[in-house]
Amino acid sequence: MGIIDERKAIIQPIRKAWYQGKVASIDMLRLDLLHPVISGNKWYKLRLNLAYATDHGFKTIVTFGGAFSNHLVATACAAKQFGLASVGIVRGQQDSLTPTLQQCREYGMELLFVTREDYRNRHQPQWAENLAAHFDEILIIPEGGANERGRKGAELISRFIDDDYTHIATAVGTGTTLAGLRQKLPAHQHMLGFVPMKDTTEQQHYIIEHISEDKRDSFTLIPDTHFGGFGKWNDTLISFMNDFYRDTTIPLDVVYTSKMMYNLRELLDQNYFSAHERILCIHSGGLQGNVSVEEKLRW
Ligand SMILES: *Cc1c(COP(=O)(O)O)cnc(C)c1O
């Protein structure tokens, strides 16, 4: 598929000083380098959905998200490149457009704002009927690309992952990326899912439901207890991001990957790993979401 060149995704070793020799190696899979907007895991969750839409004559992609959703803007940008119209259903009334939503509009996405209550009912059949009456031949992609094609697309990330990594670390929102990869990778490669929220119940259920029984013990979700919830940040996190960039030249995003690396480092400090283990961290992108903290970042 022409719009993304997968050769841009490199594996970058992290300097030993960062993990003080507590494991044998830590590498970062830089999926953030694939594309500035359709970055990281979003491309993998979208690609089979978009291919399906094109192959089956759909004209419009409809999807869902919040006002800061990386998925929404990635969909807007990718749909445009596939020659498809796009509609974004946004949760909550907005007084003004966030930079993310402005970008969605620039890519031609039509935005519909719905109350939180209406949003919660989005899986009911009359929702789809209403949408179908208003837009041309629609394909609905759930929030976060969390469908079968999204998980199958995420399986493709496994092509970058060597067999000798003992742990694969990834940030978790819906759990779609982790579920797809978990299903595909051999069980001896333990997956650590870093959830940037205090509660991981929903993601735990989602992942269990979508992987086979023999894989159910081979992933662990790590909640975030430091930063006060999804999308929240403080000066400690910003300093961590700046230090990490200085040490590695890798920019992290303020919502997902910064919290993953912060909490991974905490596990290292607690001697969670053995000295022979090899960790691959997936940089799932999301850098477009850093606009809100841009003036604090030193890169
Ligand atoms: C969307 C996103 C995630 C979460 O992916 P899921 O498949 O929903 O778990 C992780 N990291 C980044 C940077 C994201 O934008």
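The values are calculated or read from the model by the stated rules, or taken from the named source; none is laboratory data. Since the structure is predicted, the reported quantities are computational estimates derived from the model, not experimental observations. Here the Cβ is made from the backbone with ideal geometry for all residues, glycine too, and neighbour counts use every protein chain on show.
In table form, for the structure just shown:
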| quantity | calculated |
| --- | --- |
| Single match in ASP247, ASP199 (criterion: in the same structural domain as TRP18 (by TED's automatic domain parsing) and within 16 Å of the ligand (Cβ to nearest atom)) | ASP199 |
| Count of residues meeting criterion [over 24 Å from GLY231 (Cα atoms) and either buried (at least 21 other Cβ atoms within 10 Å of the Cβ) or within 13 Å of the ligand (Cβ to nearest atom) (or both)] in the stretch 250-279 | 1 |
| Test: LYS215 is surrounded by 18 or more Cβ atoms within 10 Å (Cβ to Cβ) and either on the phi > 0 side of the Ramachandran plot or of a type in the set (Lys, Arg) (or both) | yes |
| Selection count where residues are within 15 Å of VAL172 (Cα to Cα) and hydrophobic (A, V, I, L, M, F, W, C), scope the stretch 218-233 | 4 |
| Test: residue in the stretch 3-15 that is more than 16 Å from PRO251 (Cα to Cα) and either outside any loop (DSSP other than H, G, I, E, B) or free of Cβ contacts under 8 Å to residues at least 24 places away in the same chain (or both) | yes |
| Condition check for ILE207: touching a strand residue (DSSP E or B) at 6+ places or on another chain (Cβ under 7 Å) and within 11 Å of the ligand (Cβ to nearest atom) | yes |
| Out of PHE240, PHE219, sole residue that is among the hydrophobic types (A, V, I, L, M, F, W, C), touching a helix residue (DSSP H, G or I) at 6+ places or on another chain (Cβ under 8 Å) and closer than 19 Å to LYS296 by Cβ | PHE240 |
| Residues of the stretch 147-179 satisfying the condition of being part of a helix (DSSP H, G or I) and over 14 Å from the mean Cα position of the chain (by Cα) | GLU148, ARG149, LYS152, LEU156, SER158, ARG159, PHE160 |
| The stretch 51-72: number of residues that are away from the ligand (no atom under 12 Å from the Cβ) and in contact with a Ser or Thr (Cβ under 9 Å, 6 or more places away or on another chain) | 6 |
| Test: PHE240 is farther than 24 Å from ILE11 by Cβ, hydrophobic (A, V, I, L, M, F, W, C) and away from the ligand (no atom under 12 Å from the Cβ) | no |
| Within the stretch 15-41, tally of residues that are within 21 Å of the chain's Cα centre (by Cα) and within 17 Å of SER258 (Cα to Cα) | 11 |
| Total residues in the stretch 158-174, condition within 13 Å of the ligand (Cβ to nearest atom), among the hydroxyl-bearing types (Ser, Thr, Tyr) and closer than 24 Å to SER274 by Cα | 1 |
| Members of the stretch 137-157 that are crowded, with 17+ Cβ neighbours inside 10 Å and more than 14 Å from the ligand (Cβ to nearest atom) | ILE138, LEU139, ILE140 |
| Selection within the stretch 36-50 - away from the ligand (no atom under 12 Å from the Cβ) and modelled with pLDDT of 95 or more | ARG47, LEU48, ASN49, LEU50 |
| Unmet criterion (only one of (1) more than 16 Å from the ligand (Cβ to nearest atom); (2) farther than 26 Å from LEU97 by Cα) for PRO223 | (1) |
| Boolean, SER96 is away from the ligand (no atom under 15 Å from the Cβ), free of Cβ contacts under 8 Å to residues at least 12 places away in the same chain and not assigned by TED's automatic domain parsing to the domain that holds LEU287 | yes |
| Filter pass, ILE26 being at pLDDT 95 or above, in contact with a Cys (Cβ under 7 Å, 6 or more places away or on another chain), assigned to a strand (DSSP E or B) and crowded, with 24+ Cβ neighbours inside 10 Å | yes |
